[in-house]
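Structure first, then comments.
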Amino acid sequence: MGKPGRTKDYVFPPRISNQYFLCDLDFPLLEFPRFSICLTFPSLSFFLPSLSTGLSPLLDIPRLPCSPHRLPSPTVTRGAPCLKHSALYLTVPPPLSPGQLSRINRAPVQHDSHGGSPSSSSVVNNFLDPNEPTFSEARQSRMHFYDNQRKVDYVLAYHYRKRGAHPGHGSPGHHGAPLAVISNGEMGKEPNAAGQEAMMIEMGPLDALEEEKKEQREEFERNLVEAGLELEKDLENKSQGSSFVRIHAPWQVLTREAEFLKIKVPTKKMYEIKSEGSIAKKFNDILQKMSYPLQPRVPEHSNNKMKNLSYPFSREKLYLYNIQDKDTFFDNATRSRIVHEILKRTSCSRANNTMGINSLIANNIYEAAYPLHDGEYEGPEDDMNDRKLLYQEWARYGVFYKFQPIDLIRKYFGEKIGLYFAWLGLYTSFLIPSSVIGVIVFLYGCATIEDDIPSKEMCDQQNAFTMCPLCDKSCDYWNLSTACGTARASHLFDNPATVFFSIFMALWATMFLENWKRLQMRLGYFWDLTGIEEEEEHSRPEYETKVREKMLKENKNLVQKMETDKTESDDEDDDDKLTWKDRFPGYLMNFASIMFMIALTFSIVFGVIVYRITTAAALSLNKATRSNVRATVTATAVIINLVVILILDEIYGAVAKWLTKIEVPKTEQTFEERLILKAFLLKFVNAYSPIFYVAFFKGRFVGRPGSYVYVFDGYRMEECAPGGCLMELCIQLSIIMLGKQLIQNNIFEIGVPKLKKLLRKLKDETEPGETDSMQSKHPEQWDLDYSLEPYTGLTPEYMEMIIQFGFVTLFVASFPLAPVFALLNNVIEVRLDAKKFVTELRRPDAVRTKDIGIWFDILSGIGKFSVIINAFVIAVTSDFIPRLVYQYSYSHNGTLHGFVNHTLSYFNVSQLKEGTQPENSHFDQEVQFCRFKDYREPPWAPNQYEFSKQYWSVLSARLAFVIIFQNLVMFLSVLVDWMIPDIPNDISDQIKKEKSLLVDFFLKEEHEKLKVMDSVQRNQSREEHSSHKSRAASFRQASRSQRGSNASSASQHTDV
């Protein structure tokens, strides 16, 4: 502040909220002993009644906020004391009446004289009089500014809280005077309050924080205006609440950014897409006629035989494009994408020079930034939009039988989300043949169950295989025929057809990935994604903060570095980025945390094993529960595993995100890839650890009678069922898979968003503050979209499908019906995700991408890993290899008769350890030898209870099968990969044809342009020539007339 009494020129630059600054003025009223205060006023007429003298030149100041001569406009300039801990007092003049305010807001818009400036049509803060109707009569569209002409391309939302009003020390006469909101958050007395005098407002710590946020928002919005965008804000007429900044991109900005981003747009040239050949064309025509009832009724599917030539937008070649209407040439998704790119690269110096809207949202300057939906998804048919069309033809459960309108999805949500739903649709359609084959394999097992010789031998009571006790003391000897039901059920999944099905599923996974690559190339061609370059990504806010902290730390020792070593200038580039040394603590923390989480998962699996052992021992003591011990323990353990998996999934998702933040990746793409890898690793281990235990470890380390392996004192390791562990593996896999799909993928996805929406609604209702009844009756589109859930990415959607893909491929040899349940789940999942994106989420930003990224590598890895897993499941878990070895090596007649007796070894019960014999045995006959399942020498052999020759022959056959199966399937997969080209032949030909057509089109347009230019030049030369002739004729005529006048004057002179 200057001293009172001096005079100087008063310059009031316009402010972004239609307020004017009274800053750095020599005005005695604004003198404070310790602070330099800058007051804001809503308009010039605010202080004209009291400051009219000497300020008349200010009446000619233009009201447009994008003036090129704008000065910095801090609302409060902090002095030496800290603003957050010092009391500030603002002098607030009397408020305007609503009539004055409406006259100010409806002032005529003045245009800048600079022709190319974006300020020529920019209007910021179109404050409206709240007493006038603006919602039903004046508004024609909720997608436009209040002038009903400019479309809202993007919305910024923030929460404001006005500073508390307390009587200051200098105004004792105004104690308890009511305050009213003036313009953009300023406060003054209500119009009906007694007196129109200024008062003092004390600023507390929260007020200072709100002022700081407000200043950062205003600077960021000024920078947006300087970038050419047009903004509109409403009056903050509540004590606190949410406010919206609506953004419109004019044609000049759209064309500039489209050229900068190299966005491909259609040209005037159209050409016909030809089929490969006559046979393929006829086949496609037949398929289209047959599938016509399944096609969605959307315009994009009506004409797929013609295509526009596309070319990156260029302002110098506007004659190439079919620009009929500038407002609709760029669709809504492209317009919002352009605005989002501007928002991401616009800086804010007050917020520590942060770059982009994401940094401001992370610092709570803004709450949200999102594009608008295209209106309501429910309503009359005459008001149709893309969102409503998607809801009717895609996002309802009633249209589950229809194909997805992929082109419309891509148009509305962008290429990234379009590719996800295209991948999900292809995956679901590929599950149909695998489901059919799986059902056939299961029915084959049902049909051949009566012909299975091993199960018949087990169920035959005449064989009388006396088995050794399953536990110490309390368990008695038992007959193998009591496990008849388990043996017969195992045959449903453990039969020769499962081997064929495993080979088929390995080839199925390869064919699915190859067909996805072909579909991806086809979509890339039709969506003009071929040849797009990777867009340069901006740094994440956390990365910028870390770099800034590093630079500040380096600057403290800058002088010492320059004095000690001047040759370090070569490493100056490392100051503005993070090196591996800076990230090493984060990497170390990541490694230690991931190892701890994996160990925690294994510990929980071991805890469930201990539960199974102890529960089985406890139930065996009771005669009433002894008969159902195995079924009870298996069912309860699987349920416990499912609950633990669901809980740990949520925990591991949060932990993976936290660990990725510790690494401080530079870009969002790097952050997403590292997050996906960590989350997938943790969730993969969590979901499949119990299944791996049952498949490969259960029953392998039991020992033998007389030499059992004990976990704790008196608790033996659990054994597999008499029919093998494959049946238990099937139960474990089916319950975990179905439980995850039903609870996590469906109930959570439906219930959690609705619960969040209900809680947010209750919070808004209980939030103190004034409510606008007119706005609640007629909510704007940005209000409706703000109440929706924010879009958080496709990682959860992909992750649940990838885990399901693992269930379908990894252990499919033990559960052939897995593809059937996956298919039923995905039919619902497609519509569930569609409804969530259309009705429950804010509209995502349109992101252009050529592929699904790292998810394809994960799918390919799972497909290759499934070959190894299924080979070991067939060789180790099932009885397929022991049956083959017995049938072709030990059987007398080449059949499986005697196979059960061949797999059972003898044990002399007199060699049982003291205290482990059955107490009060109720067996009918005296037992001398009991049987147990293993390949060991009998007690009468010289090396009793050692592994027999049959054991080593079966083991070698198992290893040989694993090697042969793996190499055979891998070879077939490579053969399928080689036979199916990644790029379809017709698409390859069309791409070549499009290039040649584009060149011809350019030459033709350039030739026509040159002809037009030549004709214009000829016309100009003719006009110049004719004008030159006319000027020469007029000059000769003038010279002749001048000579005649001279001659006449001379003759007159002579006569005189």
Exercise. Roll a 1.4 Å probe over the protein heavy atoms and report the accessible area of R630 in Å², nearest 10.
Key: 90 Å²
Quiz item: If the chain between F971 and L758 were fully stretched, how many nm would it gain, using 0.36 nm times the residue separation less the Cα-Cα distance?
Solution: 71.2 nm
Exercise. Distance between Cα centroids, segment 632-710 to segment 933-990: provide it in whole Å.
Key: 26 Å
Quiz item: How large is the accessible surface per residue of segment 875-1008, computed with a 1.4 Å probe and reported in Å² as a whole number?
Solution: 61 Å²
Exercise. Sticking with the crude label model, points 7 Å out along Cα→Cβ, report the distance from V709 to S603 in nm, one decimal please.
Key: 2.2 nm
Quiz item: To the nearest 10 Å², what's H491's accessible area with a 1.4 Å probe?
Solution: 10 Å²
Quiz item: Counting only the backbone N, which residues of segment 655-673 are under 15 Å from the spot 7 Å out from the Cα of M589 toward its beta-carbon?
Solution: 655-665
Exercise. For F1002 paired with K305, estimate the spin-label separation in nm (one decimal), with each label point 7 Å from Cα along the Cα-to-Cβ line.
Key: 3.1 nm
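For a Förster distance of 56 Å, can you work out the FRET efficiency between the beta-carbons of K581 and Q462, rounded to the nearest 0.05?
On the way: r = 77 Å, r/R0 = 1.37.
E(calc), rounded to 0.05, equals 0.15.
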Quiz item: Rounded to the nearest 10 Å², what accessible area does V643 show when all protein chains are kept and the probe is 1.4 Å?
Solution: 70 Å²
Quiz prompt | Per residue value of the accessible surface for segment 418-539 (all protein chains in place, 1.4 Å probe), Å² | solution = 40 Å²
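For R396 and K268 in the same chain, what is the full-extension length gain: residue separation times 0.36 nm, less their Cα-Cα distance, in nm? Each step should come with its number before you reach the end.
Numbers: separation 128, 0.36 × 128 = 46.08 nm, distance 3.67 nm.
Working it through step by step, the gained length comes to 42.4 nm.
With all protein chains present and a 1.4 Å probe, how do I437, I874 order by accessible area, largest first? Please list the in-between numbers first.
Details: I437 45, I874 5 Å².
The most accessible residue leads, giving I437, I874.
Kindly sort C471, C446 by accessible area of their heavy atoms, largest first, with the probe set to 1.4 Å.
On the way: C471 25, C446 55 Å².
Solvent-accessible surface, decreasing: C446, C471.
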Self-check item: Label-to-label distance, nm, for residues given as I980 and D331 (7 Å Cα→Cβ offset)
Solution: 2.8 nm
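The values are calculated or read from the model by the stated rules, or taken from the named source; none is laboratory data. Because the structure is predicted, anything quoted here is derived from the model rather than measured. Every residue, glycine as well, gets a Cβ built from its backbone with ideal geometry; the counts of neighbours run over all protein chains shown. Note: areas computed on protein heavy atoms with side chains; ligands, DNA, RNA excluded. Shrake-Rupley method; radii C 1.70, N 1.55, O 1.52, S 1.80 Å.
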